[in-house]
Amino acid sequence: MKFFKNLIKTIKDKDPAIHSNLEVLVYPFFKVYIYYKIAHFLYLHKLYFWARFLSEKAKKRTGIEIHPGAVIGKNFFIDHGTGVVIGETTVIGDNVMLYHGVTLGGTGKDKEKRHPTIKDNVTIGAGAIILGNIVVGENAIIGAGSIVLKDVPCNKVVVGVYK
Amino acid sequence: MKFFKNLIKTIKDKDPAIHSNLEVLVYPFFKVYIYYKIAHFLYLHKLYFWARFLSEKAKKRTGIEIHPGAVIGKNFFIDHGTGVVIGETTVIGDNVMLYHGVTLGGTGKDKEKRHPTIKDNVTIGAGAIILGNIVVGENAIIGAGSIVLKDVPCNKVVVGVYK
Amino acid sequence: MKFFKNLIKTIKDKDPAIHSNLEVLVYPFFKVYIYYKIAHFLYLHKLYFWARFLSEKAKKRTGIEIHPGAVIGKNFFIDHGTGVVIGETTVIGDNVMLYHGVTLGGTGKDKEKRHPTIKDNVTIGAGAIILGNIVVGENAIIGAGSIVLKDVPCNKVVVGVYK
């Protein structure tokens, strides 16, 4: 199937530590992304309980929490992944890569769209926290451990607190 | 039972992403708090091994590690929760809310009371690390990713390193 | 067996919260270290898939991800551990202690040796992120939440961003 082919290709392309095709099967992202696809489908059909049930099950198996409401583009990849939290109204473009411990969360101040929008080709380092209904522009790189609380321009490299 | 009623009410009140009562059942905090209550009871009766056995089991299921010795007030809530560590001599007041990745830990310098005291109505953002036998005053807000190494006054908003 | 004796002794020596020998069995580090030893053996014999399969299984059970390729010295200990990621080409000396949430990772810029070398007697606090093929010198202490991107001299105490 094309879905699995693409998923395997994305993982192989993005992780330098991989030794064979088969290894892809043990990647937490491989599992969580399949769960997310089903949960997102249920969410769109307003089966909120079962959607959340699946996303919680995926989190237990992988350490990665993707809310079923999040909208995610092509060639998305999360390396390692433990501690990742992606909120309900997050929007993620194409070719985005996250490392473990990344939060795309809310501040408690916004209504409706409460979580970030991440544009194409963005990379977000380990432990970075991005909060609120803000936009991270295309090709931006968010350094490991950064805290981002306002819009990030395209091509920008962020290190440390950005507010 | 009143215990479950209160627990469900607390979760519903504090999470804007919730769609129904039933969803509460999939919350990691719902599970970990029930485990904690039993583990804390065992700990008070000096059944340390079984207390720790339960808290470790809860951590495996939820990603949240609450030492059975910690003392916790009313309407406590942890959102998401992966990576939370709450140390043995931590004391938490009423209406406290933590996000995922929060550490209430020790510095290795204190004896006996080694972990923080968190007063009523405190909110602690994702990934914040609070270390040592210090006091975080009532209504304080600790921003995501903050590092706190000394007492925080009441009503204070902390962002970044506070030492 | 000497291996288990040493492992139990290391854990007991390093965690002040421990109440009995038996408690060692519930420590995530106890489990992950046994998995790592087997996975590392398989890795050295080029059984990469099974090595990674075991390390992923260990991560699911403990929240601690140690790549089977990492080389680790004596009396190593990880307290709590959720969110720890140790990369493939990491080298760790003797008597090193990590807390939960520590990353020994890559920057994506190096080839071959992509991850840090941690010398003897180093302590690394919760949530610290150490990236790239750099050396953390003997007896150094890396504070909780620090971001380290360049070599750290012996005996140095690092707090905050170090680049």
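Filter the stretch A:1-30 down to the residues that are among the aromatic types (Phe, Trp, Tyr) and either at pLDDT 90 or above or under 21 Å from C:His67 (Cα atoms) (or both) and list them by number.
The first filter runs over the stretch A:1-30 and keeps only residues among the aromatic types (Phe, Trp, Tyr), leaving A:3-4, A:27, A:29-30.
Passing the criteria: A:Tyr27, A:Phe29, A:Phe30.
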Could you list, ordered by first residue, the pairs with Cβ atoms under 7 Å in which the first is in the stretch B:1-22 and hydrophobic (A, V, I, L, M, F, W, C) and the second is not in a helix (DSSP H, G or I), at least 6 apart or interchain? B:Ile11/B:Tyr27; B:Ile11/B:Phe77; B:Ala17/A:His67; B:Ala17/A:Glu88
If a residue must be open to solvent by 50 Å² or more (accessible area, probe 1.4 Å), within 9 Å of another protein chain (Cβ to nearest Cβ) and of a type in the set (D, E, K, R), how many such residues does the stretch B:43-100 contain? 4
Taking the stretch A:115-129 and keeping residues at the interface with another protein chain (Cβ under 10 Å from one of its Cβ atoms), surrounded by 24 or more Cβ atoms within 10 Å (Cβ to Cβ) and more than 11 Å from B:Gly145 (Cβ to Cβ) leaves A:His115, A:Gly125, A:Ala126
Look at the stretch C:29-46 and say how many of its residues are farther than 14 Å from C:Thr62 by Cβ and of a type in the set (Ser, Thr, Tyr). 1
Report yes if B:Tyr33 is open to solvent by 10 Å² or more (accessible area, probe 1.4 Å), at pLDDT 95 or above, in contact with a helix residue (DSSP H, G or I) (Cβ under 7 Å, 6 or more places away or on another chain) and farther than 23 Å from C:Phe30 by Cβ, otherwise no. yes
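Look at C:Ile141 and say whether it is at pLDDT 95 or above and within 14 Å of the chain's Cα centre (by Cα). Break it down stepwise before answering.
Values: at pLDDT 95 or above: yes; within 14 Å of the chain's Cα centre (by Cα): no.
Spelling it out, it is not the case that C:Ile141 is at pLDDT 95 or above and within 14 Å of the chain's Cα centre (by Cα).
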Does B:Thr107 count as crowded, with 24+ Cβ neighbours inside 10 Å and in contact (Cβ under 8 Å) with a residue 24 or more places away in the chain? no
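One line per residue, one yes/no per condition, for (1) farther than 22 Å from A:Thr123 by Cβ; (2) of a type outside the set (Gly, Ala, Ser):
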residue: C:Glu65; (1), (2): no, yes
residue: C:Val71; (1), (2): yes, yes
residue: C:Val96; (1), (2): yes, yes
residue: C:Leu104; (1), (2): no, yes
residue: C:Ala128; (1), (2): no, no
residue: C:Leu131; (1), (2): no, yes
residue: C:Val161; (1), (2): no, yes
Consider B:Asn155 against the criteria (1) of a type outside the set (D, E, K, R); (2) within 25 Å of C:Gly143 (Cα to Cα); (3) more than 7 Å from every other protein chain (Cβ to nearest Cβ): it satisfies all of them except one. Which criterion is unmet? (2)
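Can you pull out every residue in the stretch C:101-111 that is farther than 15 Å from C:Asp79 by Cα and at the interface with chain A (Cβ under 10 Å from one of its Cβ atoms)? It would help to see each step written out before you state the result.
Within the stretch C:101-111, the subset farther than 15 Å from C:Asp79 by Cα is C:104-111.
Within the stretch C:101-111, C:Gly105, C:Gly106, C:Thr107, C:Gly108, C:Asp110, C:Lys111 qualify.
The values are calculated or read from the model by the stated rules, or taken from the named source; none is laboratory data. None of the values given here were measured: they were computed from a predicted structure. Counting neighbours? That spans all protein chains shown, and the Cβs are built from the backbone with ideal geometry, glycine included. Just the protein is used for accessible areas: all its heavy atoms, side chains included, with ligands, DNA and RNA removed. Shrake-Rupley method; radii C 1.70, N 1.55, O 1.52, S 1.80 Å.
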